[in-house]
Amino acid sequence: MSTPAAEHAVGRRDADGVAARARGLTKAYGSGETTVLALDSVDVNIARGRFTAVMGPSGSGKSTLMHCLAGLDTVSAGQVCL
């Protein structure tokens, strides 16, 4: 009997110790000349069982990153895996 794809993906994620992963995460606000990139092709792994701090100056995209990772905001491009 084969393992369902969803179970296999979860097992692989558990094996590498990553609780959340983002690849090529981009979040753009506005369009045309007024486009603002809050996130520009961000790659990040959040380790399982660890505390992780996201640090940077005001307006650098910290809250946007957390909102996108949590699924509270949509991304313009990229992938988030929980």
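Quick note: the coordinates plus some simple rules give every number you see, no bench work behind them. Because the structure is predicted, anything quoted here is derived from the model rather than measured. Cβ placement follows ideal geometry from the backbone for every residue including glycine, while neighbour counts extend to all protein chains displayed.
Over the stretch 18-77, what is the relative contact order in percent, taking alpha-carbon pairs closer than 8 angstrom and at least six residues apart?
Computed over the stretch 18-77, the figure is 39 percent.
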Work out the charge dipole of the stretch 27-82 with +1 on the Cβ of Lys and Arg and -1 on the Cβ of Asp and Glu about the Cα centre, then indicate which of LEU69, ALA53, VAL42 is farthest towards its positive end. ALA53
Once label points are set 7 Å from the Cα along Cα→Cβ at both ALA47 and CYS81, what is their separation, rounded to one decimal in nm? 1.9
Segment THR74-ASP16, length gained on full extension (0.36 nm per residue, minus Cα span): 18.3 nm
Show the residues, 5+ positions off or on another chain, whose built amide H is closer than 5 Å to the amide H of ASP73. CYS68
